[in-house]
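Below is one structure, written out as structure tokens, with a few remarks after it.
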Amino acid sequence: MSTLLKKTNTTIIVHSLIWIFFLVITSVQSYTRFSTIPNEFYILNFIFIAAFYLNYMVLIPKFLLNKKIILYIIISVVIIFSIIFIIESFLKSSVRPSFIERDFHQNFRRDRTNRMNLRPPILLLLFFALSTCIKLVSEWYKSEKERTIVASQKVNSELSFLKAQLNPHFLFNTLNSIYSLANKKSDDTTVAIVTLSELMRYMIYEANEDFICLKKEIEYIKNYISLQLLRLKDSSGVKINVHGNLNYKIEPLLLISFIENAFKYGTDYKGKTDITIKIATNNDQLHLIVHNLSSLQNTLNKDSGIGLENIQNRLNLLYPNAHTLEITNTKKSFEVNLKINLKK
């Protein structure tokens, strides 16, 4: 059974139960008041329900929702007065005084032929107003749900695009590192290739999940750091500190761009590398600090912001109002201070 059919059946059942409840309540009230249920009761309720669905299924969708407000009002007024005329004609032509007329006999002391019963018109207007309210609220809820779905699809599409951008960007930088090792005929080239294969395995087979264990993400970051250390002349300036509970869930490949940026631009023209990485968790919050040198030649590189712009967009999509990101960029240093509310 399709989703649309299930939804239609559910709507029919809900409407049916509401009308059954309404008819039972009004029947009990009529029987309590008059010790019987007059024929007029069934006829009038049928007219009221028909008017309800005429407005609900025809007038509102065809006119009001299409912004033909004036036409909707004119047609509704004509229909309401026509139905009132039919009801009054029916009540006056009834063989016996209707239960509604008897109920209002004390309040309207006019001659029966001139007496106008106000209860049917009021009920008709209430049914019309009720159907309008229900239909408008239903359409608003439907449009909001559709808007949410479209927004969610847009977010997922943007995230897929950003993640697709991230992998080539990462691979390009890593291959540059391996190239520098191979160019130096370093014995570490083989180790670097093996480490890269581990990184690619993670990216291809594990990073496709919506969430991944923070511990695995940090292991991936450590592998990346070990790969970068192989190409550095002096790695003594690289410091990494990880502490806290790592049993949290996080979106994969969310932190690597900050680390990658530090290694790409954290070495000055003399070959000196100064990078400090701190990752800590406390009270369901991840705190990442990445600090590195920033040489003049790196600040002039126009391509340096691609990865960071990418990750900032992902953070805005994945953690709206659930993260803070501060980037301090000076002539001598570059620092990232990120806090994310994590999920267990």
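The values are calculated or read from the model by the stated rules, or taken from the named source; none is laboratory data. Bear in mind that the values here come from a model prediction, so they are computed numbers and not experimental data. When we count neighbours, we look across all protein chains shown, and the Cβ atoms used for this are built from the backbone with ideal geometry, even at glycine. Surface areas here come from the heavy atoms of the whole protein model, side chains and all, with no ligands, DNA or RNA. Shrake-Rupley method; radii C 1.70, N 1.55, O 1.52, S 1.80 Å.
Observations on the structure shown:
- Matching residues, region 328-344, being part of a strand (DSSP E or B), of a type outside the set (Ser, Thr, Tyr) and under 15 Å from Ile275 (Cα atoms): Asn329, Phe334, Glu335, Val336, Asn337
- Exactly one residue among Leu159, Leu199 is modelled with pLDDT under 75, farther than 21 Å from Thr273 by Cα and either buried (at least 16 other Cβ atoms within 10 Å of the Cβ) or not basic (Lys, Arg) (or both), and that residue is Leu159.
- With respect to the conditions (1) more than 15 Å from Ser257 (Cβ to Cβ); (2) modelled with pLDDT under 75, Ala322 lacks only one, and its number is (2).
- Selection status of Leu308, under 20 Å from Gln228 (Cα atoms), aliphatic (A, V, I, L, M), touching an Asp or Glu at 6+ places or on another chain (Cβ under 8 Å) and modelled with pLDDT under 85: no
- Contacts under 6 angstrom Cβ, first residue in region 316-344 being free of Cβ contacts under 8 Å to residues at least 24 places away in the same chain, partner assigned to a strand (DSSP E or B), 6 or more apart: Tyr319/Ile340; Ala322/Asn341; His323/Ile340; Thr324/Lys339; Leu325/Leu338; Glu326/Asn337; Ile327/Val336; Thr328/Glu335
- Only one entry of Ser76, Ser94 meets the criterion of being surrounded by 13 or more Cβ atoms within 10 Å (Cβ to Cβ), small (Gly, Ala, Ser) and at pLDDT 80 or above, and that entry is Ser76.
- Single residue of region 217-250 satisfying the filter (within 29 Å of Asp274 (Cβ to Cβ), in contact with a strand residue (DSSP E or B) (Cβ under 9 Å, 6 or more places away or on another chain) and charged (D, E, K, R)) that is surrounded by the most Cβ atoms within 10 Å (Cβ to Cβ): Glu217
- Condition met for Asn208 (open to solvent by 90 Å² or more (accessible area, probe 1.4 Å) and modelled with pLDDT under 75): yes
- Test: Ser2 is at pLDDT below 75, on the phi < 0 side of the Ramachandran plot and open to solvent by less than 40 Å² (accessible area, probe 1.4 Å): no
- Going through (1) open to solvent by 90 Å² or more (accessible area, probe 1.4 Å); (2) aliphatic (A, V, I, L, M); (3) within 20 Å of Ile277 (Cβ to Cβ) one by one, Ile193 falls short only on (3).
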